[in-house]
Structure formats: C-alpha cells, structure tokens
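Structure first, then comments.
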Amino acid sequence: MPEYTLFCAPDTYAMSAHAVLEEAGADYAVRWIRIFDEDPDPDFLAASPHCRTPALAGPEGTVFETGAVCLYVAERHPEAGLVIPPGDPRRGTFLQWFHYLATTLQPDVIIQYHPEFYHGEADRQAALRAASMGRLKGVFATLDNALAEGPYFFGEHPTVPDFILGMQALWDVIFPDGDITAYPSIVRHREMICQRPAVQRMRAAHAEEYARRQA
Ligand SMILES: N[C@@H](CCC(=O)N[C@@H](CS)C(=O)NCC(=O)O)C(=O)O
C-alpha cells in the first residue's frame, strides 16, 4: 500500500501538493474526487472537513490545506531539498513567502473564481471581483519583484513556495486582463517550473483525469 493518498481534483490547488509529492519521489496514490459533490467520498470528508482539495492521508494521519500538505511532505523527504530549514538564515524569508501565498494571494484568487461565495447578487459579485483584482495587481508586482533574481524564490532550486505559486500561475484568469506577461519574472518562473519532469508528470495526470471527465 502506498505511503500517502492524495485526495485530488483536476486543475485545482491539489496540483501544488501533487507536484511536491512527485518532486519528493514519494510513494503515493491519487484518489480522484469531485468537489462540490453533495454526497462526498467519506474518506475525503474525514480528511478535509470543508471537502476542499487537496487533502492527504499519510502514515501519521490526515492533513488538509495546500500549504500544510506541501510542507508536511517536503519535511518528510528532506533529501529533495524543498524546505529552507530552521537555522538557515533564509528561513524567515521562506516562511514569509510560504504564508504570503496562503493568506494574501489565495483569498483573492478564490474571489476571481467564486465571488458567489461572498455575494448573491451578480452586480455585487462583479464589483467584488474588480476590487479583488486591484489587490492582486499589487500582490503580483510584489511576487514579480521577489523573483527578479530567480528563477525561483531561492535561486536555482525550487522549494515549496515555488510549487504553490507555480501551479496557481497556470490559471490565466487570476492575472489582470487574463495576461501574465505584465509580470516577466513570474512568466519565467512558470516556464521553469513547468519544465520540471515532476510537474510534467503531475500535469499529465490532471489532463488525463480532466479528459476522462469530459468524455
Ligand atoms: N485553503 C484551501 C483552499 C482549497 C480550495 O479552495 N480548493 C478548491 C479547489 S481549487 C476546492 O476544493 N473547492 C471546493 C469547495 O470550496 O467546496 C487550501 O489551500 O487547501
């Protein structure tokens, strides 16, 4: 039996966790689930109380939240070098970007997809999306600046925040006018991370599952 089971839906935040599992060389299986399902997979519900992907079942129990799953796996596989560890002078910066992606970037990304979570009326939803996009512009400018030296947050080798940002950057709709090119360092970052064999394997699996659902 594999060491981990990843509860996963195609083209979601689960891509980051999936990429980290691949990059770490972990022994895992994917359990494909459907989000917004009125009758959720009971194992998924047990692992993820809001039925959001990703969630992980591992040898020590379950973990949900993208950042937590990614960091948990990365710390259990230190040989992959996906974490800036305590004691390293770059640790504070690592924690900064890790939490920035979860608490500053992600809420506005979710608003771009699901303003209806926050307002029932269409005109209010449009206003919310527009205001949120204004905030995203500042966030992307900050990230673009952080990646100027790059290509990754910490130079030539990607760490957990790179997988969390890189997989969200695949969603053009989160950029102003759907155009990532205003942020050249994020463009380069996305290109670099998408060239990694681990990310290519993950994306192929998601594309296959996506196609299966369309058939
Ligand atoms: N904060 C959560 C958000 C995850 C999330 O919103 N996942 C989406 C897919 S991208 C989902 O499962 N949505 C279903 C729902 O909100 O019910 C995390 O980072 O894991």
(message) As an exercise: evaluate E149 against (1) within 16 Å of the ligand (Cβ to nearest atom); (2) free of Cβ contacts under 8 Å to residues at least 40 places away in the same chain and give the number of the one condition it does not meet.
(response) (1)
(request) May I ask you to list the residues in the range 162-191 that are open to solvent by 10 Å² or more (accessible area, probe 1.4 Å) and assigned to a loop (DSSP other than H, G, I, E, B)? (result) L170, W171, D179, Y183
(request) Among what's in the range 49-72 and is among the polar types (S, T, N, Q) and not in a loop (DSSP other than H, G, I, E, B), pick the residue that is nearest to the ligand (Cβ to nearest atom). (result) T66
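Conditions (1) within 25 Å of I186 (Cα to Cα); (2) open to solvent by less than 50 Å² (accessible area, probe 1.4 Å), marked per residue:
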position	(1), (2)
T104	yes, yes
D108	yes, yes
Q112	yes, yes
F117	no, no
A122	no, no
L128	yes, yes
R135	yes, no
G138	yes, yes
(message) What pairs come out if I take residues in the range 115-134 that are part of a helix (DSSP H, G or I) and pair them with residues that are open to solvent by 80 Å² or more (accessible area, probe 1.4 Å) whose C-beta lies under 7 Å away, six or more apart or interchain?
(response) P115/R129; Q125/E116; L128/Y118
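Could you tell me whether R76 is more than 13 Å from the ligand (Cβ to nearest atom) and closer than 22 Å to A207 by Cα? Don't jump to the end; show me each part of the working.
Working: more than 13 Å from the ligand (Cβ to nearest atom): yes; closer than 22 Å to A207 by Cα: no.
For R76, the condition - more than 13 Å from the ligand (Cβ to nearest atom) and closer than 22 Å to A207 by Cα - is not met.
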(request) Please enumerate the residues belonging to the range 12-48 that are open to solvent by less than 60 Å² (accessible area, probe 1.4 Å) and within 11 Å of the ligand (Cβ to nearest atom). (result) T12, Y13, A14, M15, S16, A17, I33, P40, F44, S48
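Tell me yes or no: at least one residue of the range 97-108 is under 19 Å from the mean Cα position of the chain (by Cα), modelled with pLDDT of 95 or more and not in a helix (DSSP H, G or I). Talk me through it step by step, then tell me what you get.
The first filter runs over the range 97-108 and keeps only residues under 19 Å from the mean Cα position of the chain (by Cα), leaving 97-108.
Still in the running and modelled with pLDDT of 95 or more: 97-108.
Checking the rest, the ones that are also not in a helix (DSSP H, G or I) come to none.
Within the range 97-108, none of the residues are under 19 Å from the mean Cα position of the chain (by Cα), modelled with pLDDT of 95 or more and not in a helix (DSSP H, G or I).
Looking at the range 152-161, can you tell me whether even one residue there is assigned to a helix (DSSP H, G or I) and in contact with a helix residue (DSSP H, G or I) (Cβ under 6 Å, 6 or more places away or on another chain)?
So the first thing to find is which residues in the range 152-161 are assigned to a helix (DSSP H, G or I), and the list is 160-161.
Next cut, in contact with a helix residue (DSSP H, G or I) (Cβ under 6 Å, 6 or more places away or on another chain) only: 160-161.
Within the range 152-161, one or more residues are assigned to a helix (DSSP H, G or I) and in contact with a helix residue (DSSP H, G or I) (Cβ under 6 Å, 6 or more places away or on another chain).
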(request) Could you figure out which of (1) open to solvent by 20 Å² or more (accessible area, probe 1.4 Å); (2) part of a loop (DSSP other than H, G, I, E, B); (3) closer than 20 Å to V199 by Cβ isn't true of L82? (result) (1)
(request) Consider only pairs whose beta carbons are under 6 Å apart and that are at least six residues apart or on different chains; among these, list those whose first residue lies in the range 42-68 and is touching a residue at least 60 places away in the same chain (Cβ under 8 Å) and whose second residue is assigned to a loop (DSSP other than H, G, I, E, B) and open to solvent by 20 Å² or more (accessible area, probe 1.4 Å). (result) T66/Y13
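Filter the range 1-31 down to residues that are at pLDDT 95 or above, out of contact with any Ser or Thr (no Cβ under 8 Å at 6 or more places or on another chain) and in a loop (DSSP other than H, G, I, E, B), then give me how many there are. Quick ask: steps written out before the conclusion?
Initial filter on the range 1-31 (at pLDDT 95 or above): 2-31.
This time we only want the ones that are out of contact with any Ser or Thr (no Cβ under 8 Å at 6 or more places or on another chain), so: 2-6, 10-11, 15, 18-27.
Then keep just the ones that are in a loop (DSSP other than H, G, I, E, B); that gives 2-3, 10-11, 24-27.
Of the residues in that region, 8 qualify.
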(request) Just give me the residues in the range 49-60 being more than 17 Å from the chain's Cα centre (by Cα) and buried (at least 18 other Cβ atoms within 10 Å of the Cβ), in sequence order. (result) A57, G58
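The values are calculated or read from the model by the stated rules, or taken from the named source; none is laboratory data. If you're wondering where the values come from, they're calculated on a predicted model, not measured in any experiment. Ideal geometry is used to build each Cβ from the backbone, glycine not excepted, and the neighbour counts take in all protein chains shown. Keep in mind that these areas ignore ligands, DNA and RNA; they rest on the heavy atoms of the full protein, side chains included. Shrake-Rupley method; radii C 1.70, N 1.55, O 1.52, S 1.80 Å.
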